[in-house]
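Structure first, then comments.
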Amino acid sequence: MEEKKENGVAAMAACYQRFDPAAYLQYNYTPPRADFDRKDSIVPWKLACLHRAFNEVHSLLLRVLLLFSLLFPGDVSGELLVDIGSGPTLYQVLSGCEVFDKVLLTDFLEVNRQELRHWLQDEGGCNLDWTPYLQHVCKLEGRRPSDWTKKAAKLRQVITDILPIDVHRPQPLARDALPSVGADCLVSCFCLESVSPDLAAFTRALGHIGRLLRPGGHLLLIGALGESYYFGGPGVKIPVVPLNEAQVCDSLKESGYTLIRLEVYTLPQDMRVGVDDVTGVFFAKARKD
Ligand code: U87
């Protein structure tokens, strides 16, 4: 049994050796999937979920208190936000960088960490222009789109590091990567189901990243529904664990989280552009027990 697990994980790692960040960004982060003039486009939907999650206040009591004194932040707060399996993308931390003082990006592949470093060092060499993303999130925050330069500066200021990660390890990050109490919030987009050989490995990985999070901390999880493969580059076919909503809820419960809210987006026909067979996208906000 142990051996079977390792083989599945090793086979996934082998698939990723040919991952092509430039192609991947073209496939998933340009129109139609990233069309900011279309409410039913995938990326604007993801950005709206993240904006709400990082800025909302849940309980009525907190709302009333917020009304009387602007002391109380949203219920997602703290110092350190960690993004699990960032890939070559930044969209997933454009709201969180205004709420957390420290943001840690992580990925399994050096080619993706390099892509992120290119943006961080602002020396060109990026395979995607994130300006429209920065402008869109400024608008969600009620700011002028021209404030995107301020948001870019804020993001470059709070990103503390870009580290290797393997969610299949009980300790996914280097031992000294995080303070002993753990992170205050985790965000992870399209990672776990895209790197796990089966549902059991997906659920184990949820448990492994949970160990990086302080009790009471929040997990913001975005993922694919009904997907069995995607292309990580020309001819680079990567298997995916096909998930449904019930399995996502069960796996979160099994690995020690309390689900706060689950939202689901169903792909319109013209978002099915042949780079995968995904049918839906879920957004889960959960808290570690
Ligand atoms: C993103 N977060 O684009 N441990 O949101 C940790 C690993 C491991 C490992 C590989 C998959 C993309 C999904 C980023 C990147 C997410 N990556 C790393 C893709 C599939 C649906 C869809 C997609 C994207 C690996 C956008 C949209 C849709 C990748 C990352 C997975 N089809 N991390 N053991 N092995 N990784 O290097 O960067 O996981 Cl809209 Cl619909």
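Under 10 Å, Cα contacts only: if you run a Gaussian network model on the chain, which one of E193, E227, E254 comes out with the highest mean-square fluctuation?
Largest GNM mean-square fluctuation: E254.
Roughly how big is the chain's charge dipole about its Cα centre, with Cβ charges of +1 (Lys, Arg) and -1 (Asp, Glu), in debye to the nearest 20?
The calculation lands at about 580 debye.
Would you work out the relative contact order for the range 110-264, in percent, from Cα pairs under 8 angstrom that are 6 or more residues apart?
Reported as a whole number, the value is 17 percent.
Work out how far the C-alpha atoms of the range 2-288 reach from end to end along every principal axis, then list the three figures in whole Å, largest first.
Each principal axis gives a Cα extent; for the range 2-288 these are 57, 38, 38 Å.
Sort 277-286, 137-146 by packing, meaning the average of other beta carbons within 10 Å per residue, with the highest value first.
Those peptides, ordered most packed to least, come out 277-286, 137-146.
So what does the Cα-only Debye profile of the range 140-289 read at q = 0.21 Å⁻¹, as log10 I(q)/I(0), no solvent term?
The Debye formula, applied to the Cα set alone, gives -1.30.
Helix-only mean residue ellipticity at 222 nm, the chain, DSSP H runs n ≥ 4 weighted -39,500 (n - 2.57), per residue, nearest 500. What is it?
Dividing the helical sum by the residues of the chain leaves -10500 deg cm²/dmol.
Would you list, by chain and number, the aspartates and glutamates whose Cα falls below 15 Å from the Cα of K253, excluding same-chain residues fewer than 8 positions away?
E245, D289
Mind scanning K46/K154; K5/K154; K102/K139 and naming the pairs with a C-alpha gap bigger than 30 Å?
Flagged as over cut-off: K5/K154.
Could you check what % of the DSSP bridge pairs in the range 2-288 are antiparallel, to the nearest 5?
Of all bridge pairs located within the range 2-288, approximately 55 percent are antiparallel.
Please tell me the relative contact order of the chain in percent, rounded to the nearest whole number, where contacts are Cα pairs under 8 Å and at least six residues apart.
20
Mind ordering 4-12, 180-188, 154-162 by average Cβ neighbours within 10 Å, highest first?
So the peptides 4-12, 180-188, 154-162, ranked by packing, come out 180-188, 154-162, 4-12.
Any read-out appearing in this document is the output of simple, stated calculations on the displayed coordinates, not a laboratory observation. Since this is a predicted model, take the numbers as computed values, not measurements. All Cβ positions, even for glycine, are placed from backbone atoms using ideal geometry, and neighbour counts span all protein chains on display.
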